[in-house]
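Student: Handing you a structure now.
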Amino acid sequence: MGCIQAKCCRRYPSSSDGDDKDESGLYPGQNTHIPANMSLDVVDVPSHNFSLSYSGNPNVHFFGVFDGHGLCGTQCSNFVKDRLVEKLMDDAALLDDPIKAYSAAFLATNDELHHNSDIDDSMSGTTAITALVIGDKLYVANVGDSRAVLAVKEGNRVVAQDLSCDQTPFRKDECERVKGCGARVLSVDQVEGLKDPRIQSWGDEETEGGDPPRLWVQDGMYPGTAFTRSVGDSTAEKIGVVADPEVSTVQLTPNHPFFVVASDGVFEFLSSQTVVDMVNKYADPGCLCCHCR
């Protein structure tokens, strides 16, 4: 139930009908929004049999993966994909203070999803891992358990450097934060009485990923989220799940050949280094997509 966003950031005039969305779900701006003197570039994404069109400021680029969950997860991820980038582009302070703009955009999008959409986000929402490139600066904003990884050349090796930290109850700081907001943090086995709920140690995601600690209200067996931050999830918000992103910044150099943004559907099974090693085998990312189909 996830979706992807990639875009060169630039303000375009509004379309005449205001609702001319691209059916592919990868929307960098409608064709009618592109000035006549500006070229439109197209990149094929063979793994999903579609093409990504993009145009805009060549020095400002936005990438994101939005992993929806719950009954209305697809609607949530699509809503957030569209509105988040629109709010970033409309923020006059984006280039001067990207971190402030990022936080404002996430929180405003979350509020709109709650109050100004027809989507029931009471038990649905989306995580979001996003990357904003402004010149040679990379800003990564994370809400949830997806991940961004930077490839770093070190001699003859290419090493993975995590640019985000998964926001789950495995993290002590996040676990304590949501507990302070009233959440019970227990695995499914603990909630069902198969394991002692007093044991508040769950190892790590690699060893305990099959039955991770989750968030529950004090007097019920819901919502059961395995993440501590998301956009949407209005019920979980009452026990500490927030849409406030953690933002990291990197000065890009020639020693940074690429970065990867992907959902936990990738990193649940592959380490960051394994992913970087896989990508590094291919000069053309499109060839990697073909190989992984």
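No lab work stands behind these numbers, since they all come straight from the coordinates. Fair warning: this is a prediction, and the values are worked out from it, not measured in the lab. Here the Cβ is made from the backbone with ideal geometry for all residues, glycine too, and neighbour counts use every protein chain on show.
Student: Of the cross-linked pairs K81/K172; K81/K137; K87/K172; K172/K195, which ones have a Cα-Cα span greater than 25 Å in the structure shown?
Tutor: Too far apart for the 25 Å limit: K81/K172; K87/K172.
Student: Right, something else. Using the Cα gyration tensor of the range 64-176, with a ≥ b ≥ c the square roots of its eigenvalues, what is the shape: rounded (a/c below 1.5), prolate (a/b larger than b/c) or oblate (neither)?
Tutor: In terms of gyration-tensor shape, oblate.
Student: Under unit Cβ charges (Lys, Arg +1; Asp, Glu -1), what dipole magnitude, rounded to 20 debye, does the range 178-272 have relative to its Cα centre?
Tutor: 300 debye
Student: Which listed residue (Y222, V188, G203) has the Cα farthest towards the positive end of the charge dipole for the range 172-226, taking +1 on Lys and Arg C-beta and -1 on Asp and Glu C-beta about the Cα centre?
Tutor: Result: Y222.
Student: Please report the orientation-averaged projected area of the range 147-293, defined via the convex hull of its C-alpha atoms, in nm².
Tutor: In nm², the orientation-averaged hull projection of the range 147-293 is 10.8.
Student: From Cα coordinates alone, what are the radius of gyration and Dmax values for the range 172-226 in angstrom?
Tutor: Over the range 172-226's Cα set, Rg and Dmax evaluate to 10.5, 30 Å.
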